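The values are calculated or read from the model by the stated rules, or taken from the named source; none is laboratory data. The structure presented is a predicted model; accordingly, all values stated were derived computationally and were not measured. Glycine also receives a Cβ, built like all others from the backbone with ideal geometry; neighbour counts cover every protein chain displayed.
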Amino acid sequence: MREGQHYLQTQGVVQWSTPSNIAIVKYWGKKGVQEPLNPSVSFSLQKARTLTRVEFEHRGISNNPSVELWLDGQPMPSFQPKISKFLIHLTPFFPWVNHFHLRIDTHNTFPHSSGIASSASGMACLAFCLAEMGTLIQASAPAVSSLLVSGIARLGSGSACRSVHGGWNLWGKTDALAGSSDTFSVPVTNVSPAFQSIQDTILILKSGQKRLSSSDGHQLMETHPYRDSRIAQANGHTRQLLEALATDDWATFGQIAESEALSLHALMVNSRDGYTLLAESSWEAIYRVRDFRRSTGIPVYFTFDAGPNMHLLYPEAHLKRVDEFVQDQLLPLCENNTCIEDHIGAGPKKLNKETSLYTQAL
Ligand code: PMV
């Protein structure tokens with residue numbers, strides 16, 4: 001029998017589009033094989049997405065990945081080690097992965113270094129592509145499901161495991177949600193209508209390379225003096241946030257969102273060789289959001305990922321008034337007056353292989 005003949009297909013193409021997500025309760029610190037120290041809760045974005053196309057071709061038995069990476073039509077050798085490491089991690093699930101040459105083309109709908117996690121959407125998107133590829137080449141492969149893909153995406157980047165469902169997601173074992181797990185994320189479905197249409201305006205206060213990667217930040221939690229109290233805080237916040245989402249309680253939601261963001265950044269400051277990723281303009285934006293909230297009573301709150309750029313969170317009903325505030329008070333603080341107006345989204349989508357990666361019509 002010719003080598004490769006036992007595969008249903010020896011070449012083919014798969015394409016997916018997957019959202020980024022923004023965490024309200026933050027994942028910070030790991031244990032075991034990419035499992036979280038604490039539960040985290042996020043929602044998937046709609047416009048901020050990664051689109052990935054994988055072309056595969058059988059190349060024979062090998063123990064090493066064969067992969068070429070392209071970002072926006074340009075070769076990206078600098079991402080090669082991270083992707084190769086991810087593929088090596090996947091061999092227990094996809095033993096065939098090294099038997100194929102993979103050409104991976106990727107496009108993000110949002111700018112690089114914009115405060116939107118491209119590793120979350122990127123790794124989740126690649127995980128969807130590989131799971132579908134499995135079904136094309138092996139009759140015995142498991143069907144593509146969000147839970148399966150979540151567990152795989154997690155091995156590439158922890159927060160990627162929360163980019164596999166639309167709407168609200170929870171990752172990490174907690175008594176507050178039945179079925180929750182440390183190895184994959186589950187959808188949070190008991191959510192009031194206003195939280196199902198939450199808005200997120202992302203303010204690009206400062207772009208550029210981070211001082212320290214998230215992986216290094218997670219590692220610093222291993223010996224962090226506040227490790228245990230952080231785990232307790234995140235567990236408490238998870239329970240309160242689920243309650244707030246179910247009961248349309250924006251005040252509690254906002255208190256948790258802001259406390260989580262500032263706790264994440266305080267943990268960085270207070271870690272060994274402390275550092276900060278917030279910029280001076282991040283603080284000015286915080287003060288302006290709080291002043292606006294106090295003077296108008298509009299429930300608008302902030303969060304930050306591991307970076308200086310603010311995510312402004314508010315109900316859709318206040319879109320117009322918040323947009324005016326952003327134009328007047330926040331855009332002048334932003335680099336090149338840039339913000340991205342996004343909102344909660346519907347989740348991953350399998351793309352027809354004829355679809356251009358550069359399409360915005362999602
Ligand atoms: O998925 P990672 O390893 O890039 O970690 C992401 C951590 C935060 O973005 C800061 C928080 C989170 O839960 O997304």
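So here's what we get for this one:
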{"item": "Selection count where residues are of a type outside the set (D, E, K, R), touching a helix residue (DSSP H, G or I) at 6+ places or on another chain (Cβ under 8 Å) and away from the ligand (no atom under 16 Å from the Cβ), scope segment 42-60", "result": "6"}
{"item": "Members of segment 276-302 that are within 14 Å of the ligand (Cβ to nearest atom) and either within 20 Å of residue 343 (Cα to Cα) or out of contact with any Pro (no Cβ under 8 Å at 6 or more places or on another chain) (or both)", "result": "276"}
{"item": "Filter result for the condition that a residue is outside any strand (DSSP E or B) and within 12 Å of the ligand (Cβ to nearest atom), over 21, 38, 63", "result": "38"}
{"item": "Scan of segment 171-184 for residues that are touching a residue at least 40 places away in the same chain (Cβ under 8 Å) and of a type in the set (Gly, Ala, Ser), ordered by number", "result": "172, 176, 180"}
{"item": "1 or more residues closer than 26 Å to residue 212 by Cα: qualifying helices (runs of 4 or more DSSP H) within segment 231-330", "result": "250-269, 280-296"}
{"item": "Failed item, numbered, when residue 82 is tested on (1) part of a loop (DSSP other than H, G, I, E, B); (2) at pLDDT below 95; (3) within 16 Å of the ligand (Cβ to nearest atom)", "result": "(1)"}
{"item": "Selection within segment 234-271 - within 16 Å of the ligand (Cβ to nearest atom) and of a type in the set (Asp, Glu)", "result": "258, 260"}
{"item": "Residue list for segment 211-233, restricted to those being within 11 Å of the ligand (Cβ to nearest atom) and exposed (fewer than 15 other Cβ atoms within 10 Å of the Cβ)", "result": "213, 215, 216"}
{"item": "Residue match in segment 335-348 (condition: hydroxyl-bearing (Ser, Thr, Tyr), over 26 Å from residue 209 (Cα atoms) and touching a Pro at 6+ places or on another chain (Cβ under 9 Å))", "result": "no"}
{"item": "Residues of segment 200-210 that turn out to be within 16 Å of the ligand (Cβ to nearest atom) and surrounded by fewer than 17 Cβ atoms within 10 Å (Cβ to Cβ), as a count", "result": "2"}
{"item": "Some residue of segment 302-314 being more than 27 Å from residue 17 (Cβ to Cβ), out of contact with any His (no Cβ under 6 Å at 6 or more places or on another chain) and in contact (Cβ under 8 Å) with a residue 12 or more places away in the chain", "result": "yes"}
{"item": "Test: residue in segment 293-300 that is crowded, with 22+ Cβ neighbours inside 10 Å and in contact (Cβ under 8 Å) with a residue 24 or more places away in the chain", "result": "yes"}
{"item": "Of all residues making up segment 164-182, the number that are over 16 Å from residue 28 (Cα atoms) and aromatic (Phe, Trp, Tyr)", "result": "1"}
{"item": "Given (1) surrounded by fewer than 21 Cβ atoms within 10 Å (Cβ to Cβ); (2) on the phi < 0 side of the Ramachandran plot, number of the condition residue 48 does not satisfy", "result": "(1)"}
{"item": "Conditions (1) crowded, with 22+ Cβ neighbours inside 10 Å; (2) in contact with a His (Cβ under 8 Å, 6 or more places away or on another chain); (3) among the basic types (Lys, Arg): number failed by residue 26", "result": "(2)"}
{"item": "The listed residue being exposed (fewer than 12 other Cβ atoms within 10 Å of the Cβ) and either at negative phi or of a type outside the set (D, E, K, R) (or both), out of 288, 272", "result": "272"}
